[in-house]
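Beneath this line is the structure, given in structure tokens, with notes to follow.
Just so it is clear, none of the values below were taken in a lab; they were calculated from the coordinates. What you see is a predicted model, and the numbers here were worked out from it, not measured in a lab. Cβ atoms come from the backbone with ideal geometry, glycine included; neighbour counts cover every protein chain shown.
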Amino acid sequence: MKVSLFITCLCDIFSADVGKDTVEILERFGCEVDFPELQTCCGQPAYNSGYLTESKQAMKQMMRAFKHSEYVVGPSGSCVGMLKEYPNIFKNDPEWEDEAIKLANKSYELTQFLVEVLEIVDVGSAFKGRVTYHPSCHMSRILGVNEAPITLLKNIEGIEYIELPIKEDCCGFGGTFSIKNAAISEEMVKEKSQHVTETEAEYLVGGDMGCLINIGGMMQREGKTVKVVHMAEILNTTK
Amino acid sequence: MSIKINESPYEERVQQGIENDFMRLAVSSAQGRFRSRKRIQETELGNWEDWRQLGAEIRKHTVENLDYYLQQLSDQVSKRGGHVFFAATAEEANDYIQNVIRKKEAKKVVKTKSMVTEEIGLNRALESLGAEVVESDLGEWILQLDEDPPSHIVVPALHKNKEQIRETFAEKRGYTGSDIPEELADFARSQLREEFLTAEVGITGCNFAIAESGTITLVTNEGNAEMATTLPDTLITVMGMERIVPTWEEMEVLVSLLTRSAVGQKLTSYITSYTGARLDDEIDGPDDYHLVIVDNGRSKILGTEFQAALHCIRCAACINACPVYRHVGGHAYNSIYPGPIGAVLTPLLDGYENHKELPYASSLCGACTEACPVKIPLHEMLIRHRQIIVEKEKQAPMVEKMAMKGFAKWSSSPAVYKLSTKMARLALNPWTKDDIIGNGPGPLKDWTNSRNFPAPSKQSFRSWYKEREKSGEE
Ligand code: SF4
């Protein structure tokens, strides 16, 4: 199966390791991975801030980049959720509507792809530790991916999974929200950090780099020792 | 008159909210209670998603055919001897009601809880005539005594704790008891009974007006609405023009969605219905009945992409689910409609000029949209508002506009993008220590005031991938 990796700009620049792990997991399950170099950013920072015209330029670039891909898989619920919005955004645009629909239909978030397409519920990894999971809002509410990451996590050998209290609550990232409304964002992430602490977990796992940078950045500042890791990193730990 | 509740700037209001520990504790525990009770009700109903769908369809159909149902409602009320007045603006509504009061030479008016009367500033209009207005809803009464605006559309005094309520009662009404809720409520009841009996005019809001029969339905928790609807000779209903359902059947569906979503109850304690003026063979009801239907900016929303905002049944589920509301409280929104629905509705009713920050007061987490029992895509409407602010109203800050122009260039040009992945680490190097940015420049400043930001990876993913491909080929 041919899979094009959608790395997301955050992972490309800030968390290259997450990308490497994603490649290795997909290859482990027999996918033929390629990385279309024309890809940039899904357009979300501009789109969510109200800059429709600017965001469309990024989106068109993404459609060009993945035009010939069979599957597009990315380690982010939020960015893949953005791709899924393209058909609404390019509705009635004679030049781009079809491309938008095609890209949306072939795009998957990593855990969603593993569980729904490859039908894998146990990646055969091993990891020792107390782990809790933050379901990012766009992964769960926009993309509708709720069970896949938790199933995969729970099936990892040696893992002790603890549910995060009020796990569905936003961590306060929200892209440009965390900059434009930094004070509110700060209160939200403090609360999230508090919930993580309550679980006494050693690791906080999530499927969206933005949220992890936010929560991790706060917990680090608070001097907490919880390690914040991306789903791909934990799925790629071998026995 | 406006829907605004104060004049201080947005940042200040937010800061005040964040620093108000009492309020935040009260709000977060109430949210927790409402949310978990709502969840129990949803599960109990079984097919919650089907119910939401039904609710959404009823509201869509009604609002699409609003002119028809308003006519039907108006005909029914007139047939039952009531007077119907369509008020295009808040002023027109207040003028009409003032006239009724003047004609009656009424000295005392008893009111039920109503958001639309808050919206048009009715209390002030009546007080300017020298009439005394008595709020029959406990929460509203507390706020009235304290001259404090509501902070929530279902529980208006949510931001006050019992100690603060005790103080208000002591100061304004000579209360000497404790802050035990039951005792406070008993005191309020004894004070209010007196007032009810001597009021000459009753004014109510309206949860649902049933078009087929001209019936007004009120959903309350305390049953005090009866005091306004049955005791005085003159009764006035004030309703937003979209607060209408075709028949009793749809009313039942929506009341069920409303009470479950609002406070997580199957039904509220009281549902009051009344129809028109008292007929000769009826024993209770008013001799004189007026229905005031308020537009005040609503018809401008019809036919726009925001039309679904008029589907709202004012249950506050979106407010109860909102993490931003939890931390800043209702007053930070500077609108009598706070939270996500407030952020959507307020700029529509009162213009972007006064409320341009509201659409950004959301992380777009979607908790509101998920909670809404009539499936209003609230967070998507917030994005749409932002687009209008940027592209039509041209009210976005200059630096942001420049940054977004840069974004467009960066994200549509792979060469520029690639270069940035190479340069990022170097560019941020002056602020980086041990791979952490603790005190970042420009837009990162506010973020790094409270939390760390990571330094870019030593090697970008794409450059790693390229090397890997090359070594594979060798
Ligand atoms: S927008 Fe939806 S959830 Fe919010 S108050 Fe209105 S009906 Fe309730």
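Using the Cβ-Cβ distance between B:Glu194 and B:Leu279 with R0 set to 35 Å, the FRET efficiency from 1/(1 + (r/R0)^6) comes to roughly 0.70. Here A:Lys224 is the anchor, and the lysines within straight C-alpha reach of less than 21 Å, apart from those fewer than 8 places off in the same chain, are A:Lys128, A:Lys167, A:Lys190, A:Lys192, B:Lys433. From the cross-link list B:Lys79/B:Lys107; A:Lys180/B:Lys422; A:Lys20/B:Lys445; B:Lys103/B:Lys266, which pairs have alpha carbons spaced over 32 Å apart? Over 32 Å apart, Cα to Cα: B:Lys103/B:Lys266. With a 10 Å cut-off around each Cβ of B:32-45, the average count of Cβ atoms from other chains is 0. For trypsin sites (Lys or Arg not before Pro), the sites in the stretch B:445-474 that DSSP calls loop and that have at most 13 other Cβ atoms within 10 Å are B:Lys458. Straight-line reach from A:Lys91: taking Cα to Cα under 24 Å and skipping same-chain neighbours fewer than 8 places apart, the lysines in range are A:Lys56, A:Lys60, A:Lys67, A:Lys102, A:Lys106, B:Lys60, B:Lys375, B:Lys392, B:Lys405, B:Lys409. Which residue, chosen from B:Gln387, B:Gly81, A:Ala58, occupies the Cα position most advanced towards the positive end of the dipole of the protein assembly as shown, where the dipole is computed from +1 (Lys, Arg) and -1 (Asp, Glu) charges on Cβ about the Cα centre? Projecting each Cα onto the dipole axis, the largest value belongs to A:Ala58.
Evaluate E = 1/(1 + (r/R0)^6) for B:Gln53 and A:Glu116, where r is the Cβ-Cβ distance and R0 equals 25 Å; express this FRET efficiency to the nearest 0.05.
That gives a FRET efficiency of 0.55.
To the nearest ten degrees, helix B:48-64 and the longest principal axis of the Cα atoms of chain B are 70 degrees apart. Against chain B, whose longest principal axis is taken from its Cα atoms, helix B:162-173 shows a tilt of about 40°. Calculated mean residue ellipticity, 222 nm, the protein assembly as shown: -15000 deg cm²/dmol, from DSSP H runs (n ≥ 4) at -39500 (n - 2.57) each, averaged per residue and rounded to 500. The share of Cα pairs per 20 Å bin across chain B, counted from zero up to the longest distance, runs 21, 50, 21, 7, 1 percent.
To the nearest 20 Debye, how big is the dipole of the stretch A:70-167 about its Cα centre, given +1 on the beta carbon of each Lys and Arg and -1 on that of each Asp and Glu?
With Lys and Arg at +1 and Asp and Glu at -1, about 460 debye.
Of the GluC sites (Glu not before Pro) in the stretch A:85-125, the ones in a loop by DSSP (not H, G, I, E or B) with at most 15 other beta carbons within 10 Å are A:Glu95, A:Glu119. The order of A:Thr151, B:Thr220, going from fewest to most other C-beta atoms within 10 Å of their C-beta, is A:Thr151, B:Thr220. Annotation: the residues A:Met218, B:Met227, sorted from fewest to most other C-beta atoms within 10 Å of their own C-beta, follow the order B:Met227, A:Met218.
Residues whose amide H comes within less than 5 Å of that of B:Val84, counting only those at least five positions distant or on another chain, are B:Leu291 (H built at 1.01 Å from N in the peptide plane). Taking 0.36 nm per residue of separation and subtracting the current Cα-Cα distance, fully stretching the chain between B:Val399 and B:Ala88 would add 108.0 nm. Our summary gives chain B a relative contact order of 20 percent, counting only alpha carbon pairs under 8 angstrom and 6 or more residues apart.
Per residue of A:169-181, other chain Cβ atoms within 10 Å of the residue Cβ number 6 on average.
Taking every C-alpha pair closer than 8 Å and separated by at least 6 residues, the mean separation divided by the residue count of chain A gives a relative contact order of 20 percent. Among B:Asp281, B:Asp179, a tally of other beta-carbon atoms within 10 Å of each Cβ gives an order, fewest to most, of B:Asp281, B:Asp179. Short-range pairs are left out: with C-alpha atoms under 8 Å and at least six residues apart, the relative contact order of the stretch A:2-116 is 28 percent. Here the gap between B:Glu249 and B:Gln16, fully extended at 0.36 nm per residue and compared with their Cα-Cα distance, gives a gain of 79.4 nm. Listed by chain and number, the aspartates and glutamates placed with their C-alpha closer than 15 angstrom to that of B:Lys108 are B:Glu127, B:Glu132, B:Glu135, B:Glu194, B:Glu195, B:Glu200, B:Asp233; residues fewer than eight positions away on the same chain are left out. Shielding of peptide B:443-450 by partners, expressed as the average count of other chain Cβ atoms within 10 Å per residue Cβ, is 5.
I need the chymotrypsin sites (Phe, Trp or Tyr not before Pro) found in the stretch B:312-369, filtered to DSSP loop residues with at most 16 other beta carbons within 10 Å of theirs. Of the chymotrypsin sites (Phe, Trp or Tyr not before Pro), not one in the loops of the stretch B:312-369 has a Cβ with at most 16 other Cβ atoms within 10 Å.
Quick one: Karplus J couplings for the stretch B:192-197, per residue in order, coefficients 6.51, -1.76, 1.60, θ = phi - 60°, nearest Hz, x for Gly and Pro? Karplus-based 3J(HN,Hα) across the stretch B:192-197 equals 6, 3, 3, 5, 4, 5 Hz.
The simple Förster model, with R0 at 41 Å and r as the Cβ-Cβ distance, assigns A:Glu27 and B:Lys445 a FRET efficiency of 0.50. Between rounded, prolate and oblate, where does the stretch B:89-138 land on the alpha carbon gyration tensor, with a ≥ b ≥ c its root eigenvalues, rounded for a/c under 1.5, else prolate if a/b exceeds b/c? Oblate, since a/c reaches 1.5 and b/c is not below a/b.
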